[in-house]
1. Do we have Gly164 as out of contact with any Phe, Trp or Tyr (no Cβ under 7 Å at 6 or more places or on another chain), modelled with pLDDT of 60 or more and either part of a helix (DSSP H, G or I) or surrounded by fewer than 16 Cβ atoms within 10 Å (Cβ to Cβ) (or both) here?
2. Considering only residues of region 209-231 that are out of contact with any strand residue (DSSP E or B) (no Cβ under 9 Å at 6 or more places or on another chain) and in contact (Cβ under 8 Å) with a residue 24 or more places away in the chain, which is surrounded by the fewest Cβ atoms within 10 Å (Cβ to Cβ)?
3. Name the residue that is modelled with the lowest pLDDT, counting only residues in region 265-282 that are of a type outside the set (S, T, N, Q), open to solvent by 10 Å² or more (accessible area, probe 1.4 Å) and within 18 Å of Asn192 (Cβ to Cβ).
4. Quick check: is even one residue across region 126-146 within 30 Å of Ala52 (Cα to Cα) and either at pLDDT 55 or above or touching a helix residue (DSSP H, G or I) at 6+ places or on another chain (Cβ under 9 Å) (or both)?
5. Name the residues in region 286-336 that are charged (D, E, K, R) and modelled with pLDDT under 80, would you?
6. Considering only residues of region 79-123 that are open to solvent by 30 Å² or more (accessible area, probe 1.4 Å) and in a strand (DSSP E or B), which is modelled with the lowest pLDDT?
7. I'd like the full set of residues that are of a type in the set (Gly, Ala, Ser), part of a helix (DSSP H, G or I) and modelled with pLDDT under 90, limited to region 172-214.
8. Is it the case that Arg37 is of a type in the set (Lys, Arg), open to solvent by 30 Å² or more (accessible area, probe 1.4 Å) and part of a loop (DSSP other than H, G, I, E, B)?
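The values are calculated or read from the model by the stated rules, or taken from the named source; none is laboratory data. Predicted model only: the values in this text are computed from it and were never measured. FYI the Cβ positions are ideal-geometry reconstructions off the backbone, even for glycines, and counts take in every protein chain you see. Areas reflect the complete protein model, heavy atoms only, side chains present, ligands, DNA and RNA absent. Shrake-Rupley method; radii C 1.70, N 1.55, O 1.52, S 1.80 Å.
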Amino acid sequence: MTNIVPLVEDWPFPLFKLDDDDHILWVNQAAQEWLGRSSHKIEGKRLWDIVATDPDSQGITGKARDKHAAITTRHVSVKDIKAGGDGRMAHLTAYMTSDGVGLSVWFLGPQPRETKIGGQVVTGMGRMIAHELKNPLAGIKGAAQLLRDDVASVEGLALIDLIGSEIDRISRLADRMEKLGDADPEEGQRVNIHEILRQARRIIQSASPNVVFDERYDPSLPHAYGDADTLMQALLNLIKNAAESTGHKGKIRLETSFRSGVRGGPSAKHLPMQIRIIDDGPGIQKDLLAQIFQPFVTTKTDGQGLGLALVSKVAAAHEGIVEVQSVPGRTVFSLLLPAPPHSNTEELSL
């Protein structure tokens, strides 16, 4: 556990690592506080002998093992058997680790520690991502370079170049994930939002060729200020979600504008810049809308519920916000960013 404890010890919700029989191998500090016992009094015990929930929810760890995937069950009651009393409502997520099953308990309502939506969760997850991604990325890049020798078409070579550029971007992203919670983006610089949107659209369309994209960009929009790689990841997550919502065959509109409707001019630098991803999918359930940016909340049966938490984190790191509106047939995610200092109409995103 030496590689995992520093990464998740300070996460603000209980985490358990379990063996194949659901015996506890490790707990974090939040789990110890919840159960009122130290780790040496918890580890080795079977989880369901000290934590009570319904039988179906107890089966979540077995499902994660069988499917080798993250499994989430929502709005279940859990309680410390020793403490007795009523349970607390929570989302449970089980997921595979290198040598066991992890289980997170995300309590609904007030959290045991003060957190921003998705904040500490995504920061901690980012450390783990950075640690785990490096070796497979290097292998993928090497394989792509070998493929280049066997590809002659212009289209094929362009796709290989896209693979290489994306591997480099993800590598840079992994290096920065640990510091994603900083108030200001690390090494901020002027970023062409429209170039990022076009690149993100190209990546998603290569995987979803039947999606119809409608790009409507405001030519007066100045460059944003921040980190291009994390902004790219946030927009990729939003566009990918939109494509999956439409069944990979709907329509997605990508828009940029000044939120107030003012186009250019000296006053525009004080107005938030708006990026909107609009899809014609079935929409998001009303009971999920208020929680959609929280970790482990997802509409996907096989989703892990971290993508939109990451988007929220990236927005906050750029002193912006992300919003959602959804009805059947129209879902709109809006990423709002402040105009960079000293922006002017001579520096345009197009």
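1. Values: out of contact with any Phe, Trp or Tyr (no Cβ under 7 Å at 6 or more places or on another chain): yes; modelled with pLDDT of 60 or more: yes; either part of a helix (DSSP H, G or I) or surrounded by fewer than 16 Cβ atoms within 10 Å (Cβ to Cβ) (or both): yes.
Answer is yes for this residue.
2. At the first step, the residues of region 209-231 found to be out of contact with any strand residue (DSSP E or B) (no Cβ under 9 Å at 6 or more places or on another chain) are 209-210, 229-230.
Cutting the leftovers down to in contact (Cβ under 8 Å) with a residue 24 or more places away in the chain gives us 210, 229-230.
On the way: Asn210: 11, Asp229: 22, Thr230: 24.
Selected residue: Asn210.
3. My answer is Lys269.
4. Restricting attention to region 126-146, the residues satisfying the condition of being within 30 Å of Ala52 (Cα to Cα) are 128.
Still in the list and also either at pLDDT 55 or above or touching a helix residue (DSSP H, G or I) at 6+ places or on another chain (Cβ under 9 Å) (or both): 128.
Within region 126-146, one or more residues are within 30 Å of Ala52 (Cα to Cα) and either at pLDDT 55 or above or touching a helix residue (DSSP H, G or I) at 6+ places or on another chain (Cβ under 9 Å) (or both).
5. Residues of region 286-336 charged (D, E, K, R): 286-287, 300, 302, 313, 319, 323, 330.
Correct list: Asp287, Lys300, Asp302.
6. Thr97
7. Ala174, Ser206, Ala207
8. Values: of a type in the set (Lys, Arg): yes; open to solvent by 30 Å² or more (accessible area, probe 1.4 Å): yes; part of a loop (DSSP other than H, G, I, E, B): yes.
So Arg37 fits the description; yes.
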